[in-house]
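First comes the structure, then the notes that go with it.
The values are calculated or read from the model by the stated rules, or taken from the named source; none is laboratory data. A quick note: this is a predicted structure, and the numbers were derived from the prediction, not measured. Cβ coordinates were reconstructed from backbone atoms using ideal geometry, including for glycine residues, and neighbour counts include every protein chain displayed.
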Amino acid sequence: MPVSDRAHAIRTSHPFRRAIVVVETLVGLGGLAGSIQLLVGAATPPVAALSPLGLSSWTLPAGWLFVTVALPSGLAAWFAARRSPWAPVAVLAASTLLITELLFQIPFVGFSVLQLIFGGVAAVMAVIALMARRAGWWPRRRRSAEGPTDGTQGLGAARLRRR
């Protein structure tokens, strides 16, 4: 396969990669900023909102926000940047966790436009991950005779490995 064909195949075998990297990085940074904001007490809702949970500080919610938003989105961006076959799976997991976080926080801190925006971003990213899956960017099952597949077989990598 000529070099230009290989380059085209690499570009097209990871659809939406740039969008995933950019959006998931921004969501992850937003989650990190929100976690830090809760930890230092800057522009936080009143602590009384946490009384139904038996909490008296925003420390645990800050950790929860980091674990459910910043970390999964950061991992999804990292997987996409590395062109990992697990990137769409990570984006779906990050989107699901973000929506869960938003649904969990609304009863305690009330509804805000920011939650609506992040919920919309999560829904759009889930759709993008499913579209990437449909286009072929997804982990493959192992084939007993050929070994693990990593999405590069069509690019001639399997032939190179056998040499």
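Below, the figures for the structure above:
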read-out	value
Test: residue in region 93-103 that is of a type in the set (A, V, I, L, M), touching a residue at least 40 places away in the same chain (Cβ under 8 Å) and buried (at least 23 other Cβ atoms within 10 Å of the Cβ)	yes
Index of the failed condition, GLU101 passing every other in (1) charged (D, E, K, R); (2) modelled with pLDDT under 90; (3) within 24 Å of PRO72 (Cβ to Cβ)	(2)
Contacts under 6 angstrom Cβ, first residue in region 68-85 being in contact (Cβ under 8 Å) with a residue 60 or more places away in the chain, partner of a type in the set (A, V, I, L, M) and part of a helix (DSSP H, G or I), 6 or more apart	ALA80/ILE20; ALA80/VAL21; ALA80/ALA87; ALA81/VAL21
Positions within region 111-140 being farther than 22 Å from PRO15 by Cα and in contact (Cβ under 8 Å) with a residue 40 or more places away in the chain, in sequence order	PHE118
Filtered residues of region 48-66 (kept if surrounded by fewer than 18 Cβ atoms within 10 Å (Cβ to Cβ), assigned to a loop (DSSP other than H, G, I, E, B) and either modelled with pLDDT of 90 or more or of a type in the set (Gly, Ala, Ser) (or both))	GLY54, SER56, SER57
